[in-house]
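Just below is one structure, and these are the notes that go with it.
The values are calculated or read from the model by the stated rules, or taken from the named source; none is laboratory data. Keep in mind that this is a model prediction, so the values were computed, not measured. Virtual Cβ from ideal backbone geometry, glycine too; neighbours counted across all protein chains shown.
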Amino acid sequence: MKKIIFLIISTLSTITNAWIIDGVGDYKFEQINDSVYVMHGPLGEPSYKNFGFMNNPGIVVGNDGVTVIDPGSTYQVGVKVIQEIEIITNKPILAVFNTHVHGDHWLGNQAVIEKYPNAKIYAHPQMIAQAISSEGEMWVEIMSNMTEGLSNGTSAIYPTEETSHLENINIGSETFIIHSPTKKAHTNTDIMIEHLNSGTLFLGDNDTVDRLARFGSTSDMHSNIDTLKYAIDLNLTNYIPGHGPSGSADTSVLPFLNYLVKVREEVIKGYEEDLSDYEIKPLAINALEEYAEWSGFEQQIGLHINKMLMEIENIDF
């Protein structure tokens with residue numbers, strides 16, 4: 001039955017030139033400028049209902065072919081992403097960038113390499129090492145569990161091309177600059193990809209809009225603040241978050257930066273008054289009222305306060 005539902009959705013997608021996920025939304029690549037397109041994914045957690053799709057796959061169409069940034073969370077999602085790319089252009093995929101180790105962004109590599117086996121896949125050296133060591137198989141299992149088996153058949157196809165901070169990478173007619181200004185931000189595997197030709201920055205999950213993501217053990221909230229300030233200081237035209245709508249720095253970077261700064265301010269106040277994280281939480285929620293409708297706010301705000309408090313305690317000591 002699950003396979004039948006997926007085939008029906010695939011048929012509808014062909015008819016309407018969009019990937020229609022019943023009860024979730026219609027997804028296709030939106031043009032950001034002459035050469036850059038983004039498919040803005042659902043804001044909720046991966047599930048059976050949304051086929052595990054949740055990130056913002058991006059593409060840059062050059063004279064010679066296509067570069068993909070974060071092709072999605074499963075083999076099946078990757079197939080749909082490629083189908084939507086083919087609506088825009090018949091040029092081949094030349095390369096892929098993976099912004100960080102979380103599998104909801106890169107397990108779609110499998111579909112790309114299946115169709116374009118010569119495509120190069122670029123990522124942070126730590127992302128490659130962690131994916132090969134354990135994260136890849138862990139994320140395959142996570143996606144299978146969260147989609148109730150819809151993602152079965154997905155394999156972890158790892159990046160092979162290591163990147164470095166401020167490295168220039170030429171892919172056909174297009175030039176990309178890698179930015180990884182801090183050792184940790186959302187994770188310790190993050191890269192941001194600047195498309196030099198169009199003044200566009202793909203930030204991965206260092207930036208989200210209308211959605212709050214988890215800060216895990218390899219993250220650093222203080223460094224994430226620094227990373228977003230660095231991104232704004234690049235003074236580019238287009239900013240593509242890992243989740244949520246793209247736009248200018250004011251609309252697509254400042255909201256999350258201001259959120260993190262406010263969390264830090266409230267936690268510092270509480271720390272100075274010797275409050276625990278659960279005592280800080282209601283005060284912080286009051287100060288962050290404008291973010292209450294963001295996806296994941298209720299689930300993440302307490303965890304963010306706890307994480308920030310631990311970082312502040314470590315700095316103090």
Among residues of region 161-177 being exposed (fewer than 14 other Cβ atoms within 10 Å of the Cβ) and of a type in the set (Ser, Thr, Tyr), the residue nearest to ILE193 (Cα to Cα) is SER164
Options LEU283, LEU228; residue that is more than 29 Å from ASN56 (Cβ to Cβ), modelled with pLDDT of 95 or more and not in a strand (DSSP E or B): LEU283
Check off (1) outside any helix (DSSP H, G or I); (2) surrounded by fewer than 18 Cβ atoms within 10 Å (Cβ to Cβ) for ILE132 and give me the number that stays unchecked. (1)
Please tell me if VAL101 is surrounded by 20 or more Cβ atoms within 10 Å (Cβ to Cβ), in a loop (DSSP other than H, G, I, E, B), of a type in the set (Val, Ile, Thr) and at pLDDT 95 or above. yes
Out of the residues in region 21-49 that are buried (at least 19 other Cβ atoms within 10 Å of the Cβ) and not in a loop (DSSP other than H, G, I, E, B), state the one that is modelled with the lowest pLDDT. ILE21
In region 286-317, residue surrounded by the most Cβ atoms within 10 Å (Cβ to Cβ) [restricted to those that are hydrophobic (A, V, I, L, M, F, W, C) and in contact (Cβ under 8 Å) with a residue 60 or more places away in the chain]: MET308
Within region 220-250, how many residues turn out to be among the polar types (S, T, N, Q) and under 10 Å from VAL209 (Cβ atoms)? 1
Please go through region 218-238 and pick out each residue that is within 16 Å of the chain's Cα centre (by Cα) and not polar (S, T, N, Q). LEU228, ALA231
